[in-house]
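What follows is a single structure, written as structure tokens, with notes after it.
Bear in mind that the values in this text are calculations on the coordinates, not laboratory data. Everything numeric here is computed off the predicted structure, so don't read it as measured data. Using ideal geometry, Cβ is built from the backbone for each residue, glycine included, and neighbour counts are taken over all protein chains shown.
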Amino acid sequence: MLEVEILGKPIRLTCNEDEKEALLNAVALLDDQIKDIREGGKIVGSDRIVIMAALNISHQLLTLQTRGINLDELRGKIATMSKQIDTVLNDQEKLF
């Protein structure tokens, strides 16, 4: 069980432990979008703000997908680069 806050309201979510970080990142992204829209002041009403935030995020995702970026492949490359960086840093620490 994971408790988060969106629009200032607590929400309980269920997820696997290995999905927790991704879910927290998704909540943070949604909450940031909501705050940006709310601060813009052009849209009134929580329902409309949430719908606009969801549309913005969906548009961003579709834009990435249509650019030919394979998100799973990108995640794999980032993970590989991270491991390589860790290896290099660990090797350097042994030098000192």
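Were the residues from ASP18 through VAL44 laid out at 0.36 nm apart, the gain over their Cα-Cα distance would be 5.7 nm. Per-residue Karplus couplings for segment 46-56, computed as 6.51 cos²θ - 1.76 cosθ + 1.60 with θ equal to phi - 60°, are listed in order as 4, 4, 5, 5, 5, 4, 5, 4, 4, 5, 4 Hz, Gly and Pro entered as x. Spatial offset of segment 17-47 relative to segment 60-80 amounts to 21 Å, using the alpha carbon center of each.
Quick one: putting +1 on the C-beta of Lys and Arg, -1 on the C-beta of Asp and Glu, what dipole do you get for the chain around its Cα centre, in Debye to the nearest 20? Working shown, then result.
Values: 12 positive and 16 negative charges, 80 e Å.
The calculation lands at about 380 debye.
Non-local lysine pairs in segment 1-79, meaning eight or more places apart or on different chains, with alpha-carbon distances under 30 Å, amount to 5.
The relative contact order of segment 2-69, computed from alpha carbon pairs under 8 Å that lie at least 6 residues apart in sequence, is 23 percent. Here the Karplus curve 6.51 cos²θ - 1.76 cosθ + 1.60, taken at θ = phi - 60°, turns the phi angles of segment 36-43 into couplings of 4, 5, 5, 5, x, x, 8, 10 Hz, with x standing for Gly and Pro. Distances between placed amide hydrogens fall under 5 Å for LEU13 paired with LEU2, GLU3, VAL4, all partners being 5 or more residues away or on another chain. A simple rule links phi to the HN-Hα coupling: the Karplus curve 6.51 cos²θ - 1.76 cosθ + 1.60 with θ = phi - 60°, which for segment 73-83 gives 5, 4, 4, x, 5, 5, 5, 5, 4, 4, 5 Hz, with x for Gly and Pro.
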